[in-house]
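Report on the structure given below.
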Amino acid sequence: MLPERNLSLWADSVNRTRSETLNKNLDIDVAIIGGGFSGLWSAFHLISGDPTLKIALFEAHHIGFGASGRNGGWLSADYPVSRNTLIKRIGEEGTDSIFTALKSSIDEVGNFARDFAPTASFTKGGSITFARNSAQAIRLRNSVDEDHHWLSNSELTEKILIADSICGVHTKSSAVVNPMELLLGLAKYLTKKGVAIYENSAATIAETGRLLVGSYFVTAPRVINAVEAFRSAPREQIPLYSLMVATEPLTSQFWSEVGNFERATFAEGSHLINYAQRTSDNRLAIGGRGARYPFASKRSTNIENSAKTHEALRALAKSWFPQLSKVRFTHAWGGAIAITRDWEPYLRWDKNRGYGELGGYAGDGMTMSYLAGKAMAAEILDNTSSIRTLRFVNRRSRNWEFEPLRFAAINSLIKLTDLSDAEERLTRKPSLINRIIEPLILR
């Protein structure tokens with residue numbers, strides 16, 4: 001098995017200063033386990049709400065080791081399940097509340113980034129989903145609403161030139177960022193506000209209100225478990241792998257031909273999830289799903305470094321932009337994201353135990369983690385806030401199926417999703433395969 005490392009472009013592009021490792025017992029107000037966005041944003045909202053709190057955060061490796069430092073850098077107003085599915089579950093009013101909060105969260109993160117993490121290069125250029133066959137176009141046409149606007153072929157090519165694209169949908173509610181630079185800016189801000197951050201300090205819960213960190217004890221009446229996909233709960237959430245590749249910096253000639261001067265995030269409207277961005281140093285960074293699910297939800301460094309999936313992403317990028325045929329791809333990486341059975345995120349706070357946990361963002365964590373951290377702080381501080389009434393606060397999803405059914409079913413669905421796209425490329429009609437599997441996915 002390969003050693004655990006963050007091989008991402010984002011991790012490779014920053015100059016980091018390591019935080020200290022815990023070397024003493026501590027007695028604090030709030031202990032946070034996990035140095036990703038969930039943990040850092042929870043600390044941010046807590047210290048903003050009550051500057052007197054003594055807060056310490058413990059990271060087993062380094063800040064941004066997990067999905068927070070490996071993702072596609074999208075800050076979107078997407079929720080892990082579709083708007084129509086959510087309306088069926090909770091009605092229009094509750095659905096509107098979630099999407100309004102997500103859109104506000106993008107702007108709030110942008111304000112923070114501009115003031116305290118300018119090297120994160122936050123740019124709110126919107127997001128484009130494009131179609132390359134008529135089946136994809138039908139789905140995109142059905143997604144048009146007050147936030148998602150139809151793009152004819154000529155309107156699409158004015159924004160970005162994709163080979164064989166025929167139409168698209170655009171939303172203003174999306175931004176792009178270097179996630180590692182944002183994380184490090186956030187960590188630096190929190191340190192200045194008095195939050196103690198310890199790296200290479202793996203924490204385990206010894207008993208209620210007490211952590212064991214190395215050979216030291218941390219006493220805290222309130223504990224937040226913010227490790228997301230690293231939390232062992234194999235039937236409550238599963239790890240699915242999202243992988244990425246990135247090119248060398250591309251020439252000004254390439255970008256003058258392709259466009260995307262506003263740095264909109266973009267993706268093809270296929271069934272198999274993909275996502276891409278133009279980075280601040282003019283690379284193409286593209287990611288997607290397709291890697292297999294590991295038996296019994298055991299994380300695997302071999303899967304997150306799947307050569308087959310990485311090569312499929314390079315091929316996808318070249319199919320969009322034939323100009324990349326001789327361009328060098330300099331980075332390839334991946335990581336696990338946590339997914340619940342109904343694909344919805346969770347934030348739970350047990351006041352009696354003084355214990356909370358959050359996650360299950362299913363790949364939409366850049367914005368969701370900010371909103372979840374804000375809700376976590378509201379729960380802990382017992383604020384009167386409408387955010388505490390949002391759908392994902394203090395709820396549980398149904399459990400995933402037992403193994404080996406889970407392993408067989410999930411990997412079959414991944415393969416069938418890929419086949420659905422192949423069917424649509426061939427027939428130019430909505431996939432019959434997808435019509436069968438869509439009810440099983442619960443999105």
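The values are calculated or read from the model by the stated rules, or taken from the named source; none is laboratory data. On a predicted model such as this, the values are computed, not experimentally measured, just so you know. Note: ideal-geometry Cβ built from the backbone for every residue, glycine included; neighbour counts use all protein chains shown.
Scanning the range 102-117 for residues that are without any contact (Cβ under 8 Å) to a residue 12 or more places away in the chain and of a type outside the set (D, E, K, R) yields Ser104, Asn111. In the range 87-101, is there at least one residue being in contact (Cβ under 8 Å) with a residue 60 or more places away in the chain, aliphatic (A, V, I, L, M) and within 23 Å of Trp41 (Cα to Cα)? Yes, the range 87-101 has at least one match.
Residues being part of a strand (DSSP E or B), farther than 17 Å from Leu381 by Cα and polar (S, T, N, Q): count how many of those fall in the range 212-227. Explain how you work it out, then say what you get.
To start, the set of residues in the range 212-227 that are part of a strand (DSSP E or B) comprises 212-213, 216-219, 222-225.
In the following step, the residues that additionally are farther than 17 Å from Leu381 by Cα were identified as 212-213, 216-219.
If we keep only those that are polar (S, T, N, Q) too, we end up with 219.
Of the residues in that region, 1 qualify.
Residues in the range 146-167 that are within 24 Å of Ser420 (Cβ to Cβ) and of a type in the set (D, E, K, R): 1 in all.
Annotation note: of Lys54, Lys88, the sole residue that is modelled with pLDDT of 95 or more and farther than 26 Å from Leu390 by Cα is Lys54. Only a single item in (1) of a type in the set (Val, Ile, Thr); (2) surrounded by 19 or more Cβ atoms within 10 Å (Cβ to Cβ); (3) not in a helix (DSSP H, G or I) is not met by Thr52, and it is number (2). Residue count for the range 403-429 satisfying the condition of being touching a residue at least 60 places away in the same chain (Cβ under 8 Å), under 14 Å from Ile441 (Cβ atoms) and not hydrophobic (A, V, I, L, M, F, W, C): 5. From the list Arg396, Arg388, Arg406, the lone residue that is farther than 30 Å from His45 by Cα and of a type in the set (Lys, Arg) is Arg406. The number of residues in the range 24-38 being within 12 Å of Leu211 (Cβ to Cβ) and among the polar types (S, T, N, Q) comes to 1.
Residues checked against (1) closer than 16 Å to Ala267 by Cβ; (2) more than 23 Å from the chain's Cα centre (by Cα); (3) crowded, with 23+ Cβ neighbours inside 10 Å:
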{"position": "Cys167", "(1), (2), (3)": "yes, yes, no"}
{"position": "Ser173", "(1), (2), (3)": "yes, no, no"}
{"position": "Met180", "(1), (2), (3)": "no, no, yes"}
{"position": "Phe217", "(1), (2), (3)": "no, yes, no"}
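The residue that is farthest from Leu182 (Cα to Cα), counting only those in the range 33-79 that are of a type in the set (Phe, Trp, Tyr) and in contact with a Ser or Thr (Cβ under 8 Å, 6 or more places away or on another chain), is Phe58. The strands (runs of 3 or more DSSP E) found entirely in the range 60-170 that carry 2 or more residues being farther than 24 Å from Ile337 by Cα and of a type in the set (A, V, I, L, M, F, W, C) are 127-131, 149-151.
Please find, within the range 240-282, the residue that is surrounded by the most Cβ atoms within 10 Å (Cβ to Cβ) out of those that are hydrophobic (A, V, I, L, M, F, W, C) and over 25 Å from Asp421 (Cα atoms). Working first, answer last.
If we filter the range 240-282 for residues that are hydrophobic (A, V, I, L, M, F, W, C), which is where we start, we get 240, 243-246, 250, 254-255, 258, 261, 264, 266-267, 272-273, 276.
Filter once more, so that each one left must be over 25 Å from Asp421 (Cα atoms): 250, 254-255, 261.
On the way: Leu250: 19, Phe254: 16, Trp255: 14, Phe261: 12.
Residue satisfying both the conditions and the ranking: Leu250.
From the list Ala196, Ala203, which residue is in contact with a strand residue (DSSP E or B) (Cβ under 8 Å, 6 or more places away or on another chain), closer than 24 Å to Tyr370 by Cβ and surrounded by 20 or more Cβ atoms within 10 Å (Cβ to Cβ)? So that I can check it myself, show each step before the final result.
On the way: Ala196 fails: surrounded by 20 or more Cβ atoms within 10 Å (Cβ to Cβ).
Being in contact with a strand residue (DSSP E or B) (Cβ under 8 Å, 6 or more places away or on another chain), closer than 24 Å to Tyr370 by Cβ and surrounded by 20 or more Cβ atoms within 10 Å (Cβ to Cβ) holds for just one of Ala196, Ala203, which is Ala203.
For the range 246-261, the count of residues that are of a type in the set (A, V, I, L, M), in contact with a Ser or Thr (Cβ under 8 Å, 6 or more places away or on another chain) and assigned to a strand (DSSP E or B) is at least one. Being free of Cβ contacts under 8 Å to residues at least 40 places away in the same chain, more than 21 Å from Arg18 (Cβ to Cβ) and of a type in the set (A, V, I, L, M, F, W, C), is that true of even one residue in the range 46-58? Yes, because at least one residue in the range 46-58 is free of Cβ contacts under 8 Å to residues at least 40 places away in the same chain, more than 21 Å from Arg18 (Cβ to Cβ) and of a type in the set (A, V, I, L, M, F, W, C). The single condition among (1) touching a residue at least 40 places away in the same chain (Cβ under 8 Å); (2) closer than 26 Å to Ser280 by Cβ; (3) hydrophobic (A, V, I, L, M, F, W, C) that Leu211 does not satisfy is (2).
Filter the range 179-214 down to residues that are hydroxyl-bearing (Ser, Thr, Tyr) and in contact with a Lys or Arg (Cβ under 9 Å, 6 or more places away or on another chain), then give me how many there are. Don't jump to the end; show me each part of the working.
Of the range 179-214, the ones hydroxyl-bearing (Ser, Thr, Tyr) are 189, 191, 198, 201, 204, 208.
Next, from what is left, pick out any that are in contact with a Lys or Arg (Cβ under 9 Å, 6 or more places away or on another chain): 208.
The total comes to 1.
Check the range 377-391 and report whether any residue there is under 23 Å from the mean Cα position of the chain (by Cα), farther than 28 Å from Pro179 by Cα and in contact (Cβ under 8 Å) with a residue 12 or more places away in the chain. For the range 377-391, residues under 23 Å from the mean Cα position of the chain (by Cα), farther than 28 Å from Pro179 by Cα and in contact (Cβ under 8 Å) with a residue 12 or more places away in the chain: present.
Which members of the range 392-405 meet the condition of being in a helix (DSSP H, G or I) and either within 23 Å of Asp96 (Cβ to Cβ) or within 23 Å of the chain's Cα centre (by Cα) (or both)? Residues satisfying the conditions do not exist here.
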